[in-house]
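K.L.:
Submitted below is the structure of interest, expressed as structure tokens.
The values are calculated or read from the model by the stated rules, or taken from the named source; none is laboratory data. This one's a predicted model, so the numbers in the text were calculated from it and none came from an experiment. Positions of Cβ are generated from backbone atoms using ideal geometry, with glycine treated the same way; all protein chains shown enter the neighbour counts. For the accessible areas, the whole protein counts, side chains as well, though only heavy atoms, and no ligand, DNA or RNA atoms are used. Shrake-Rupley method; radii C 1.70, N 1.55, O 1.52, S 1.80 Å.
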Amino acid sequence: MNNLYTIFSKELLLLVLSESLPLLADIINVFLAQVVPFQLALRVVGEDDKLELEAIMSDEHGEREVKSLSGGQRVILKLVWMLALSSFMRSPLLFLDETINNLDKDTVGIVADMLADFIKKNDIKLYTITHSEQIQAMGIWDGVIKL
């Protein structure tokens with residue numbers, strides 16, 4: 001019964017999400033363009049009883065699967081996915097936990113600027129756990145707790 005629920009809930013989620021995928025992909029690609037030189041295409045593929053979410057990235061080398069991304073590129077993709085969902089759902093807050101692991105110092109600076117801009121434009125509360133001094137120094141915090 002649990003497996004049936006898991007399969008049904010995934011299929012139903014993808015069916016409902018399929019209508020919003022073009023808009024979500026557009027939002028994701030706006031964020032991606034600020035950090036990396038690739039774009040993402042999202043689509044639901046398969047038959048009605050076996051739906052899957054397909055994510056294909058494209059850059060100057062053509063199209064390929066997302067699993068071919070480097071660790072840092074995957075971190076960026078996960079972050080912009082969270083920002084896109086937060087933007088799409090008009091969430092009043094965002095929680096991030098060690099979101100920028102595996103990123104070089106220059107990219108962390110770009111991501112910090114993108115996060116600061118996102119927080120200010122969307123007037124949301126950001127809660128994050130990080131060891132990055134660049135993220136801690138962003139100047140958008142009401143308070144910082146150091147442990």
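K.L.:
Tell me, what is the FRET efficiency for GLU98 and GLN34 to the nearest 0.05, using R0 = 22 angstrom and their Cβ-Cβ distance as r? Working shown, then result.
P.N.:
Working: r = 21 Å, r/R0 = 0.93.
So the FRET efficiency works out to roughly 0.60.
K.L.:
For LEU77, tell me the accessible area in Å² from a 1.4 Å probe, rounded to the nearest 10.
P.N.:
Roughly 20 Å² of LEU77 is accessible to a 1.4 Å probe.
K.L.:
Let me ask something additional. Structure shown: which of LYS67/LYS121; LYS78/LYS125; LYS78/LYS121; LYS67/LYS120 lie over 22 Å apart, alpha-carbon to alpha-carbon?
P.N.:
Numbers: LYS67/LYS121 31 Å; LYS78/LYS125 19 Å; LYS78/LYS121 20 Å; LYS67/LYS120 32 Å.
In this structure, LYS67/LYS121; LYS67/LYS120 lie more than 22 Å apart at Cα.
K.L.:
Shifting gears a bit: Is the shape of region 11-96 best called rounded, prolate or oblate, per the rule: a/c under 1.5 gives rounded, else a/b larger than b/c gives prolate, else oblate, with a ≥ b ≥ c the square roots of the Cα gyration tensor eigenvalues? Mind dumping the intermediate values first?
P.N.:
Details: a/c = 1.91, a/b = 1.11, b/c = 1.73.
Oblate.
K.L.:
Would you kindly state how much longer the chain becomes between HIS61 and MET89 on full extension, computed as 0.36 nm times their sequence separation minus their alpha carbon distance, in nm to one decimal?
P.N.:
Numbers: separation 28, 0.36 × 28 = 10.08 nm, distance 3.29 nm.
Length difference between fully extended and current span is 6.8 nm.
K.L.:
Further question: How much accessible surface does MET82 have with a 1.4 Å probe, in Å² rounded to 10?
P.N.:
Roll a 1.4 Å probe over it and MET82 shows about 70 Å².
K.L.:
Which residues' amide hydrogens lie under 5 Å from the amide hydrogen of THR128, considering only partners 5 or more residues apart or on another chain, with H built in the peptide plane?
P.N.:
Amide H neighbours of THR128: LEU96.
K.L.:
By how many nm would the segment from ILE110 to LEU23 grow when fully extended, if each residue of separation counts as 0.36 nm and the alpha-carbon distance is taken off?
P.N.:
Working: separation 87, 0.36 × 87 = 31.32 nm, distance 2.38 nm.
Result for the pair: 28.9 nm of gain on full extension.
K.L.:
Show me, for region 113-118, the HN-Hα J-couplings you get by feeding each phi into the Karplus relation (A = 6.51, B = -1.76, C = 1.60, θ = phi - 60°), rounded to Hz, glycine and proline as x.
P.N.:
With coefficients 6.51, -1.76 and 1.60, one gets 5, 4, 4, 4, 5, 4 Hz.
K.L.:
As a test question: what accessible area, to the nearest 10 Å², does GLU60 have when a 1.4 Å probe is rolled over all protein chains in place?
P.N.:
130 Å²
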